[in-house]
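Novice: Following this message is one structure expressed as structure tokens.
The values are calculated or read from the model by the stated rules, or taken from the named source; none is laboratory data. In this text the structure is predicted, and so the values were computed from the model without any measurement. Heads up, the Cβs are rebuilt from the backbone with ideal geometry, glycines too, and the neighbour counts pull from every protein chain shown.
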Amino acid sequence: MPTDTPPQDDLSFLRTLAERGLDAPLMAGPYLIAGGSWFAAASLIQWPLLRDLAGLSADKAVAAWLISALGFAIHLTILIRRDRDKFETTSNRAVNAVWSGIGFGIFAFWVGVTMMAYQRDELFVLNTISLQVLSVYGIGWLVAAAITREGWMTVTAIAAFGTVPVLGLFVGTGHEYLIYAIALVLTAVIPGVRLLRKAHSV
């Protein structure tokens with residue numbers, strides 16, 4: 001006959017499951033690498049144009065952003081389809097929800113600022129997009145740090161927040177695109193690689 005499990009054993013088992021859920025590696029790495037890489041590349045193409053370091057036309061610079069957006073959309077679709085049936089821990093579900101919200105927020109802000117720029121015939125306001133992206137990246141990393149208790153994520157959040165006023169100072173010089181590209185690598189690509197390696201090591 002089966003024997004009843006003591007209550008303390010049940011509690012210990014549940015506590016172990018909860019701890020394993022918190023310690024489970026985050027699965028957002030490939031998404032961060034994709035977003036950071038595509039748009040850092042577009043920003044690097046924009047930088048030499050504005051600094052007269054290469055013979056690029058404005059049309060080619062705009063095309064670079066559009067190609068990057070399209071490339072990221074396709075890349076994102078592939079990743080979502082690949083991960084659709086994967087099991088998510090509670091911590092992964094929470095962090096993924098935060099980053100999904102950040103993605104939608106960035107897209108909505110981009111659409112709104114673009115409409116405002118063309119309505120007012122003032123393309124300069126498009127420079128605010130990079131400030132907004134890094135601001136919400138900082139929020140995302142702070143939330144991830146609170147959930148996972150990983151100190152390096154807090155450092156990444158501080159780096160994202162700290163770059164925002166620096167970008168503000170350099171807007172209009174052309175150098176802001178180089179700074180933005182570096183910031184994306186530091187706050188998205190490299191952390192994404194770190195998360196990916198940790199996920200593969202488990």
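Novice: Within region 162-184, restricting attention to residues that are buried (at least 17 other Cβ atoms within 10 Å of the Cβ) and under 14 Å from the mean Cα position of the chain (by Cα), which residue is nearest to Gly29 (Cα to Cα)?
Specialist: Only one residue fits best here, namely Leu184.
Novice: If you check every pair at least six apart or on different chains, which have Cβ atoms under 7 Å apart with a residue in region 127-152 that is closer than 18 Å to Ala181 by Cβ and acidic (Asp, Glu) first and a residue that is assigned to a helix (DSSP H, G or I) and modelled with pLDDT of 95 or more second?
Specialist: Short answer, once both residue conditions are applied: none.
Novice: Which of the helices (runs of 4 or more DSSP H) found entirely inside region 4-84 contain at least 1 residues meeting this: of a type in the set (S, T, N, Q), modelled with pLDDT of 70 or more and exposed (fewer than 15 other Cβ atoms within 10 Å of the Cβ)?
Specialist: On the way: elements: 7-23, 29-50, 58-83.
Output list reads 58-83.
Novice: Still on this model: Val133: at pLDDT 95 or above and either part of a helix (DSSP H, G or I) or surrounded by 14 or more Cβ atoms within 10 Å (Cβ to Cβ) (or both), yes or no?
Specialist: On the way: at pLDDT 95 or above: yes; either part of a helix (DSSP H, G or I) or surrounded by 14 or more Cβ atoms within 10 Å (Cβ to Cβ) (or both): yes.
Yes.
Novice: Have a look at Trp152, Trp99, Trp141, Trp110 and point out the one that is among the hydrophobic types (A, V, I, L, M, F, W, C), in contact with a Lys or Arg (Cβ under 8 Å, 6 or more places away or on another chain) and in a helix (DSSP H, G or I). Show your work before the answer.
Specialist: Values: Trp99 fails: in contact with a Lys or Arg (Cβ under 8 Å, 6 or more places away or on another chain); Trp141 fails: in contact with a Lys or Arg (Cβ under 8 Å, 6 or more places away or on another chain); Trp110 fails: in contact with a Lys or Arg (Cβ under 8 Å, 6 or more places away or on another chain).
Of Trp152, Trp99, Trp141, Trp110, the one residue that is among the hydrophobic types (A, V, I, L, M, F, W, C), in contact with a Lys or Arg (Cβ under 8 Å, 6 or more places away or on another chain) and in a helix (DSSP H, G or I) is Trp152.
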